[in-house]
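The values are calculated or read from the model by the stated rules, or taken from the named source; none is laboratory data. Remember, it's a predicted structure, so these values are computed and weren't measured experimentally. Reconstructed Cβ throughout: ideal geometry from the backbone, glycine too, with neighbour counts over all protein chains shown.
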Amino acid sequence: MRNSTDRLATMLSHLARPAQDARCFVNPPLTRGSTVLYPDMAERRAAGKQRLEQALIYGTMGNPTHFALENLVAAIEGGSRCQIVSTGLAAVTLPLLAFLKSGDHMLMPDSVYGPARGFAEGMLKKLGITTSFYDPAITAAGLAALMRPQTSVVYTESPGSHTFEMQDIPALAEVAHAHGAKVMLDNTWGIHFFQPFEHGVDISIQALTKYVGGHSDILLGAVTVNDDADWEVLRTAAGTLGQYASPDDCWLALRGARTLAVRLEHQMRAGIEVAQWLAGRPEVLSVLHPALPGAPGHDLWARDFSGACSLFGVVFQPRYSVEASHRFAEALTLFGIGASWGGYESLVLPTTGFITRTAGTGDFGGPTVRLHVGLENPADLIADLQAGLAALAAP
């Protein structure tokens, strides 16, 4: 695995900052506003023609604070254009509404983020758009067999953010493109470790709430493309739907991004250390961490990724009950019980019984929990987990 954070650290220290030949602060200013004034009607008309560009037209079309973050995220993912939205879920729903229409069919992995499944089965269904859920470990041939003439989107999430199945994105993208479908990827786990546009993805989705923000105090999402035609569809839909993100949150995300590389490096190493310790415990049936040799999907991770984030799953031995996995979570003191991830703090979330599966891919052999490793010392986290395992085995 190549060192994945060296170049990123330099990029994040210099991207989206004022020009160094100007007398200015090192950070871009925070800009708030709704109305933009023009000196005359000629400039007003000219601005109206720039709806696809980073131009000052009206507050909902963005301002320099939004543009700086959009440029930074596009660079991280290797794309050309980025649309910032208010939440990670909005980053899921915007491109689906942009690229799907009534009568279309979508393929979505059975391991997909729960609210994305809910959107597909709820609002999209009401709009006349059908969704089929497929085994995330599907082969290219298997995906080809599911394609229909109406299939216009193949949605992917690799790894899945609850149970961490890896997908062969280049192979699936080749099939999708051969049938005229767009490939969307939730790349929140991959961040920059997976370069989506090098592997056939058309639209990349990220919840900037997670690692980019880094401090569990903002809600933001990003949709990145690498094609002018895709950008026109996406940008038009964003404007039509009134998608907007607070400039205050964008500024905080910019600030969080400056330390992203060092946080990722620490959390990746700490997460692997904790995962390896858990893999050696007799209470544990398996650890769902793609970066661990022998873990499900490790070969795909080693081929396509330059690193790993600090979110992974743990499957306990089948002799333990779901209630025992809850005792485990409740006994931890350094891991808070909560959703989300990517912040500075460690988290635990029991997942058995809380995940919907319809393609027969939800049996992992025992009760499961999801762990996020934060910035704490790994030795302290391991000691905390040891106490949790004692509670797991308690009568």
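Of note:
- Filter pass, HIS266 being more than 16 Å from ILE191 (Cβ to Cβ) and either at pLDDT 95 or above or outside any loop (DSSP other than H, G, I, E, B) (or both): no
- Of the helices (runs of 4 or more DSSP H) entirely within the range 1-88, those holding at least 2 residues that are more than 30 Å from HIS298 (Cβ to Cβ) and small (Gly, Ala, Ser) occupy 41-48.
- Of all residues making up the range 192-216, the number that are over 30 Å from ALA178 (Cα atoms) and either free of Cβ contacts under 8 Å to residues at least 60 places away in the same chain or within 11 Å of the chain's Cα centre (by Cα) (or both): 5
- Test for THR358: is it in contact (Cβ under 8 Å) with a residue 12 or more places away in the chain, within 24 Å of GLY88 (Cα to Cα), not assigned by TED's automatic domain parsing to the domain that holds GLY114 and not aliphatic (A, V, I, L, M): yes
- Within the range 308-345, considering residues that are of a type in the set (Gly, Ala, Ser) and touching a helix residue (DSSP H, G or I) at 6+ places or on another chain (Cβ under 6 Å), the one farthest from LEU385 (Cα to Cα): ALA308
- Selection within the range 374-384: residues that are in contact with a strand residue (DSSP E or B) (Cβ under 8 Å, 6 or more places away or on another chain) and in a helix (DSSP H, G or I). The member of this set that is farthest from ALA324 (Cα to Cα) is LEU381.
- Among the residues of the range 20-37, the ones that are surrounded by 14 or more Cβ atoms within 10 Å (Cβ to Cβ) and either over 18 Å from ALA253 (Cα atoms) or in contact with a strand residue (DSSP E or B) (Cβ under 6 Å, 6 or more places away or on another chain) (or both) come to 1 in all.
- Residue list for the range 280-317, filter: under 27 Å from ILE76 (Cα atoms) and of a type in the set (Ser, Thr, Tyr): SER306, SER310
- Residue under evaluation SER246, criteria (1) within 19 Å of the chain's Cα centre (by Cα); (2) surrounded by fewer than 21 Cβ atoms within 10 Å (Cβ to Cβ), criterion not met: (1)
- Checked against (1) without any contact (Cβ under 8 Å) to a residue 40 or more places away in the chain; (2) touching a His at 6+ places or on another chain (Cβ under 8 Å), GLN150 passes all but a single condition, namely (1).
- Verdict on VAL73 being under 26 Å from the mean Cα position of the chain (by Cα), of a type in the set (A, V, I, L, M, F, W, C) and in the same structural domain as PHE193 (by TED's automatic domain parsing): yes
- Unmet criterion (only one of (1) in contact with a Gly (Cβ under 8 Å, 6 or more places away or on another chain); (2) at pLDDT 95 or above; (3) not aliphatic (A, V, I, L, M)) for HIS162: (2)
- Flag for SER340 being at positive phi and either basic (Lys, Arg) or out of contact with any Cys (no Cβ under 6 Å at 6 or more places or on another chain) (or both): yes
- Residue within the range 295-307 that is at pLDDT 95 or above, among the polar types (S, T, N, Q), touching a Pro at 6+ places or on another chain (Cβ under 9 Å) and outside the structural domain of ALA140 (by TED's automatic domain parsing) present: no
- Reported count of residues in the range 37-81, each being in contact (Cβ under 8 Å) with a residue 60 or more places away in the chain, farther than 21 Å from LEU12 by Cβ and β-branched (Val, Ile, Thr), is 1.
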